[in-house]
Ligand code: DGP
């Protein structure tokens, strides 16, 4: 449920400070420490799940809550256009192995991403 060696679990517990922008009983959202856009917020489950790739049918409701929270963050931040991205695995750029959705906005983006 919680991994004491996981950075984001420690943010969930309040052991490491973060700038919270949204929270629900299952999900929290906080500003990325190294923003890649004027708005860069990470939406994470309170529960420790390694990545999007570790999701199963047991996580269907929670997965929906993550996306709804991403939309709530975008609304709160006044974003009409935004990216919601979940890097999954080291080759895809995942560096923190606690599932998270990046909400990026406030600038234009190209497709495909690099
Ligand atoms: P990823 O590389 O997709 O796993 O994204 C991890 C993000 O986490 C990365 O954009 C930087 C962010 N991050 C890493 N450490 C911290 C931290 O201590 N606090 C906050 N707020 N963000 C962090």
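What follows draws every value from the coordinates through simple rules; no lab data is involved. Quantities reported herein were computed from a predicted structural model and do not represent experimental measurements. FYI the Cβ positions are ideal-geometry reconstructions off the backbone, even for glycines, and counts take in every protein chain you see.
Return a yes/no flag: does segment 1-8 have any residue that is in contact (Cβ under 8 Å) with a residue 12 or more places away in the chain, within 23 Å of residue 108 (Cα to Cα) and either more than 10 Å from the ligand (Cβ to nearest atom) or not in a strand (DSSP E or B) (or both). Outline the logic, then answer.
Restricting attention to segment 1-8, the residues satisfying the condition of being in contact (Cβ under 8 Å) with a residue 12 or more places away in the chain are 1-3, 6-8.
Checking the rest, the ones that are also within 23 Å of residue 108 (Cα to Cα) come to none.
Looking through segment 1-8, none of the residues is in contact (Cβ under 8 Å) with a residue 12 or more places away in the chain, within 23 Å of residue 108 (Cα to Cα) and either more than 10 Å from the ligand (Cβ to nearest atom) or not in a strand (DSSP E or B) (or both).
Are any residues in segment 9-35 under 18 Å from residue 70 (Cβ atoms) and part of a helix (DSSP H, G or I), and if so, which ones? Step through it out loud before you land on a result.
From segment 9-35, those under 18 Å from residue 70 (Cβ atoms) are 11-12, 18-32, 35; that's our starting set.
Across segment 9-35, the qualifying residues are 11, 12.
Okay, residues lined up against (1) in a helix (DSSP H, G or I); (2) more than 13 Å from residue 8 (Cβ to Cβ); (3) within 15 Å of the ligand (Cβ to nearest atom):
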residue	(1), (2), (3)
37	no, yes, yes
68	yes, yes, no
73	yes, yes, yes
87	no, yes, yes
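Which of the residues spanning segment 89-105 are touching a residue at least 12 places away in the same chain (Cβ under 8 Å), more than 9 Å from the ligand (Cβ to nearest atom) and either outside any loop (DSSP other than H, G, I, E, B) or more than 10 Å from residue 44 (Cβ to Cβ) (or both)? Even if it seems obvious, please write down each step before you answer.
As a first pass, look at segment 89-105 and keep what is touching a residue at least 12 places away in the same chain (Cβ under 8 Å): 89, 94, 96-105.
Filter again for more than 9 Å from the ligand (Cβ to nearest atom), leaving 89, 99, 101, 103-105.
Selection gives 89, 101, 103, 104, 105.
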